[in-house]
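Undergrad: Got a structure for you, questions after.
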Amino acid sequence: MVKNFVLDTNVLLHDPDSLGAFEDNHVHIPMPVLEELDKFKRNPGQIGANCREVVRRLDELRTRGDILKGIQTQNGGTVQIALFSREDFNRLRLPAYFNKVLADNWILMYALKIQENHGNIPTILVTKDINLRIKSQTVGVDSQDYLRDKSKLTRLTGFGDLSLSSASRKAFAQKGELHFSQLKPQETPEENYHPNQYLDLGEGTLGRVDSSGEKVIPLTYSAQQEVWGIRARNREQVYALDALLDDSISLVTLTGMAGTGKTLLALAAGLQNVLDEKEYERLTATKPVIPMGKDIGFLPGSAEEKVRPWVQPIFDNLEFLFGNRGKKAEEFLKSRNLIEIEILSYIRGRSIPGQFILIDEAQNLTPHEVKTIITRVGEKTKIIFTGDPDQIDNPYLDKTSNGLVYLASRFMGDPLAAHVSLLKGERSALASRAAQILS
């Protein structure tokens, strides 16, 4: 059934593509939403960019007809600006305790009026504001979160098990590969494996599905191999280092709770690839300031000193890794131009070829921001996204809608990408215990 969807401001700021994301349904933009958008159009960073993009798209729609009556979209739906006068609300009353000045309450009034005018068509308010969804239900208007960028995968690990017989494991070790078509009936997997999925073959034998998805190949990294003074301490870290060190994999996503080694492993692999093997021209490590693009000009000091507090965890890991080789990271960073640490805001508009890029704390990015970043990647660049989906600071994101999980789920099975969920904390016994007990 065709529905009326009333969009809140935060949905448009979250994803400018939301204007065309409702297929053959009717999308209504309340006039109070336009008023709110006007406040964000000069903002720096991603929010301001998204706002300006939404306004441009609305202006383009306006040239195709009367946007107050509705402009048809490519999917057969319509987009229109909802405009009512105060007299139109005479018969509609919000509860007396609702603040009439708040834009959210005016958006609720618009949703109520649209529902009244189209009684035969369901009306749904779409907002990422949980409180507004609750308020909407109290006045009799259905509401929901923006669902387009939510991951549908409930299990996102990047690895699995394949129980092989001793004979099959021996054949795998001798030939360096094992086709799924050669498996014995009792070894046939219950699920379909995808490219770059890691597999535990039993008795300590590990493998990875090749890019074709038709066979298992050995890992390029072994647990005995040292990478800038560190070694994998568990099976999942072996998988992670294998993906980080394999040049055929251009995109790696790592998730896990605090202390599982996501950032440390990625930086160690980056230092080896850039400084030792010279596979890439530079290591770039960055993370978002929440919200992305926030002005940090109020901090004292030079540009480098302003950035330092936001990226201190990256510096801490670099100091540890350089310490393994008896060097100081600070001195190396000042004398060489091979490592760059910066705020993610500065990456917009750049083309980045030949680099090993680490995006830390990526769970605080929106799917649209992840798309903006990943489309900056040039030739011969490898990009790593790390984060903990259980530690999200962005108020409009959750475990299924954050950019890190969205990216990992969308690229699952792509020959250029690999994902690993790190399960065991290795920072310290206390840190691991705290992550479990206090989660």
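Undergrad: Residue check: is Val33 under 29 Å from Ile343 (Cβ atoms) and in a helix (DSSP H, G or I)?
TA: no
Undergrad: I need the full set of residues from the range 175-198 which are in contact with a Lys or Arg (Cβ under 7 Å, 6 or more places away or on another chain) and hydrophobic (A, V, I, L, M, F, W, C), in order please.
TA: Leu178, Phe180
Undergrad: Which one is modelled with the lowest pLDDT, of the residues in the range 140-155 that are surrounded by 18 or more Cβ atoms within 10 Å (Cβ to Cβ) and more than 17 Å from His28 (Cα to Cα)?
TA: Ser151
Undergrad: Considering every residue within the range 160-177, establish whether at least one is crowded, with 19+ Cβ neighbours inside 10 Å and over 29 Å from Ser421 (Cβ atoms).
TA: No, there is no match, as no residue in the range 160-177 is crowded, with 19+ Cβ neighbours inside 10 Å and over 29 Å from Ser421 (Cβ atoms).
Undergrad: Hey, another quick one. Just the residues that are in a loop (DSSP other than H, G, I, E, B) and either at negative phi or surrounded by 12 or more Cβ atoms within 10 Å (Cβ to Cβ) (or both), please, taken from the range 317-342.
TA: Listed by number, the residues that qualify are Asn324, Arg325, Lys327, Lys328, Arg336, Asn337, Leu338.
Undergrad: Does the range 387-397 contain at least one residue that is touching a strand residue (DSSP E or B) at 6+ places or on another chain (Cβ under 8 Å), within 17 Å of Leu251 (Cβ to Cβ) and assigned by TED's automatic domain parsing to the domain that holds Val274?
TA: yes
Undergrad: If you don't mind, another one. In the range 120-196, which strands (runs of 3 or more DSSP E) lie fully inside it and hold 2 or more residues that are within 28 Å of the chain's Cα centre (by Cα) and over 22 Å from Ala243 (Cβ atoms)?
TA: Answer list for the range 120-196: 123-126, 142-144.
Undergrad: Would you check if there is a residue in the range 84-96 being crowded, with 16+ Cβ neighbours inside 10 Å, in contact (Cβ under 8 Å) with a residue 40 or more places away in the chain, outside the structural domain of Lys399 (by TED's automatic domain parsing) and under 27 Å from Val55 (Cα atoms)?
TA: The answer is yes, given that some residue of the range 84-96 is crowded, with 16+ Cβ neighbours inside 10 Å, in contact (Cβ under 8 Å) with a residue 40 or more places away in the chain, outside the structural domain of Lys399 (by TED's automatic domain parsing) and under 27 Å from Val55 (Cα atoms).
Undergrad: Kindly evaluate Ser222 against the criterion of being modelled with pLDDT under 95 and not β-branched (Val, Ile, Thr).
TA: yes
Undergrad: Please state which one of Ala285, Ala266 is touching a strand residue (DSSP E or B) at 6+ places or on another chain (Cβ under 7 Å) and modelled with pLDDT of 95 or more.
TA: Ala266
Undergrad: When you go through Glu87, Glu116, Glu60 one by one, which is the residue that is under 31 Å from the mean Cα position of the chain (by Cα), assigned to a helix (DSSP H, G or I) and of a type in the set (Asp, Glu)?
TA: Of the residues listed, the single one that is under 31 Å from the mean Cα position of the chain (by Cα), assigned to a helix (DSSP H, G or I) and of a type in the set (Asp, Glu) is Glu60.
Undergrad: Out of everything in the range 202-216 that is crowded, with 21+ Cβ neighbours inside 10 Å and aliphatic (A, V, I, L, M), what residue ends up being farthest from Phe159 (Cα to Cα)?
TA: Here the residue is Val216.
Undergrad: Moving on to the next point. Could you list, in sequence order, all residues of the range 239-289 that are out of contact with any His (no Cβ under 6 Å at 6 or more places or on another chain) and part of a strand (DSSP E or B)?
TA: Leu251, Val252, Leu254, Thr255, Gly256, Arg282, Leu283, Thr284, Ala285, Thr286, Lys287
Undergrad: Within the range 178-190, count every residue that is farther than 26 Å from Val405 by Cβ and surrounded by 12 or more Cβ atoms within 10 Å (Cβ to Cβ).
TA: Qualifying residue count, the range 178-190: 6.
Undergrad: Also, I was wondering about something else. Looking at Val6, Val11, Val2, Val55, which one is under 17 Å from Gln115 (Cβ atoms) and either out of contact with any Pro (no Cβ under 7 Å at 6 or more places or on another chain) or part of a loop (DSSP other than H, G, I, E, B) (or both)?
TA: Within the list Val6, Val11, Val2, Val55, the selection yields Val2.
Undergrad: Taking the range 36-52, which residues are outside any helix (DSSP H, G or I) and surrounded by fewer than 18 Cβ atoms within 10 Å (Cβ to Cβ)?
TA: Passing the criteria: Lys41, Arg42, Pro44.
The values are calculated or read from the model by the stated rules, or taken from the named source; none is laboratory data. All values derive from a computational prediction rather than experimental measurement. FYI the Cβ positions are ideal-geometry reconstructions off the backbone, even for glycines, and counts take in every protein chain you see.
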